[in-house]
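The values are calculated or read from the model by the stated rules, or taken from the named source; none is laboratory data. Since this is a predicted model, take the numbers as computed values, not measurements. When we count neighbours, we look across all protein chains shown, and the Cβ atoms used for this are built from the backbone with ideal geometry, even at glycine.
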Amino acid sequence: MTYEGVLTKMKTELAEKVQYYLIFEQDFINMNQVLDKKLSINFLNYQCTTCQKRKKIFANGVCYNCFMERPENGEWVIRPELSKAHLDQEDRDLEFEKRAQLQPHVVYLANSSNVKVGVTRKSEIPTRWIDQGAHEAIEIVEVPNRYLAGITEVALKEHLPDKTNWRSMLTNDLKDLDLAAIREDMRQYLPQEVKDYYLANSKELELKFPVITYPHKCKTLNLAKMPFYEGVLKGIKGQYLIFEDGMVFNVRKHEGFNVNLSVI
């Protein structure tokens, strides 16, 4: 079977083992069904996922102009503490920013390679945890806007990392930890404005990923440098495809890449 289309991050579905789907304009693939089969990926050209123009991707699947101008690429996305919609202050498009920022957000602990603190919209749970390859996660606070979530993350980053060690995540070099106990320890560092939003009774969620074998070492596939690759798919975790030869492919990092994909 051969498919062609622009890559976007895989859609996911929570199940006994997470289900993954690659969605193209005219078709889709349940990637779990491709496990243990040979897969070839051929990079054809770029296409901005926002303006649809055949322009080189700058970041997040979009061209430079869209990254610099579109409201969904404002700095508050990466640094939620910079959110200002709750003050009625515009960054790029106030109406868009109100819709995105003035909704429930969650600050959480996720364990994918180590325990890290993170922020996401409530509607993105558990998708956010799946995308990070977390095998366990727990909510700390639920707040009514992105700004409060952002200042909470900034405070907790003084005591916990906010990045995932992707190599450890993909080689399954993991430790099971008591996230509820870590959450309770972090409670003392919450900003005064969010202390009343602490979730003392939230439950830890465990996630299992469709991986047949984990690699001992990882090599990263960059289609901009290696436009064709072929290998046997042995697992899917986070937004990565894991191949038999230790090659790993970050689908999300290749959003906006138009590819020809064949299942052999």
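Observations
- Pairs, first under 19 Å from ASP36 (Cβ atoms) and modelled with pLDDT of 95 or more in segment 210-236, second part of a loop (DSSP other than H, G, I, E, B) and of a type in the set (Phe, Trp, Tyr), C-beta under 9 Å, six or more apart: LYS234/TYR214; GLY235/PHE209; GLY235/TYR214; ILE236/PHE209
- Test set (1) farther than 13 Å from LEU22 by Cβ; (2) surrounded by fewer than 22 Cβ atoms within 10 Å (Cβ to Cβ) - LYS237 fails condition number: (2)
- Exclusive hit being more than 24 Å from the chain's Cα centre (by Cα) and closer than 26 Å to GLU16 by Cβ, set ASN172, ASN201: ASN201
- Of the residues in segment 17-31, none is surrounded by fewer than 16 Cβ atoms within 10 Å (Cβ to Cβ), charged (D, E, K, R), touching a residue at least 24 places away in the same chain (Cβ under 8 Å) and assigned to a helix (DSSP H, G or I).
- Restricting ALA100, ALA85, ALA110 to residues that are modelled with pLDDT of 95 or more, assigned by TED's automatic domain parsing to the domain that holds ILE130 and touching an Asp or Glu at 6+ places or on another chain (Cβ under 6 Å) narrows the list to ALA85.
- Only residues that are surrounded by fewer than 23 Cβ atoms within 10 Å (Cβ to Cβ), touching a residue at least 60 places away in the same chain (Cβ under 8 Å) and part of a strand (DSSP E or B) were counted in segment 121-137, giving 1.
- Wholly enclosed helices (runs of 4 or more DSSP H) of segment 52-116 bearing at least 3 residues under 17 Å from the mean Cα position of the chain (by Cα): 75-78
- Listed by position, the strands (runs of 3 or more DSSP E) inside segment 161-264 whose residues that are of a type outside the set (Phe, Trp, Tyr) and in contact with a His (Cβ under 9 Å, 6 or more places away or on another chain) number at least 2 form an empty set.
- Reported count of residues in segment 1-16, each being hydrophobic (A, V, I, L, M, F, W, C) and free of Cβ contacts under 8 Å to residues at least 12 places away in the same chain, is 1.
- Residue check, GLN19 of a type in the set (S, T, N, Q), farther than 29 Å from LYS225 by Cβ and in contact with a strand residue (DSSP E or B) (Cβ under 7 Å, 6 or more places away or on another chain): yes
- Residue within segment 171-180 that is over 30 Å from MET1 (Cα atoms), among the small types (Gly, Ala, Ser) and touching a residue at least 24 places away in the same chain (Cβ under 8 Å) present: yes
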